[in-house]
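Scroll down for the structure; my scribbles are underneath it.
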Amino acid sequence: MKSIAALQAAVTAAAPLDGEPSDAELDAIETEMPAILADVDLLDAQIMTIDRTPTELDERRIRRARRRVLAARRDLANTATAGEVA
């Protein structure tokens, strides 16, 4: 039987000793937070309708949450593009 152990070095970087995120990682999370929160709101709206037929109010809530997700992702993409140009 052949061994299936990894023959190459680990692909991921070694974890820092203290296990805390770096300042750059915290800044990236802070930048993406509006998109993350919009995704959470959309999931909440979708989860509420899993076990029942969505009402008109539910459909409106999901539609608004989808728009917020798209707007947050657009804003994030625009800030990333603006950062590359500058």
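None of the figures in this text is laboratory data; all of them are computed from the coordinates on show. Source: prediction; values computed, not measured.
Could you work out how much longer the chain between residue 77 and residue 50 gets when fully extended? Use 0.36 nm per residue separation minus the Cα distance between them, nm to one decimal.
On the way: separation 27, 0.36 × 27 = 9.72 nm, distance 3.07 nm.
Extra length available between residue 77 and residue 50 comes to 6.6 nm.
Work out from phi, with θ = phi - 60° and the Karplus expression 6.51 cos²θ - 1.76 cosθ + 1.60, the ³J(HN,Hα) of each residue of region 57-74, listed in order in whole Hz, and give x for Gly and Pro.
Each residue of region 57-74 in turn: 5, 4, 5, 5, 5, 5, 4, 5, 5, 4, 5, 5, 4, 4, 5, 5, 5, 4 Hz.
Give, in nm to one decimal, the length gained when the segment between residue 20 and residue 63 is fully stretched (0.36 nm per residue of separation minus the Cα-Cα distance). Provide the component values of the computation, followed by the final result.
On the way: separation 43, 0.36 × 43 = 15.48 nm, distance 3.70 nm.
So the chain would gain 11.8 nm between residue 20 and residue 63.
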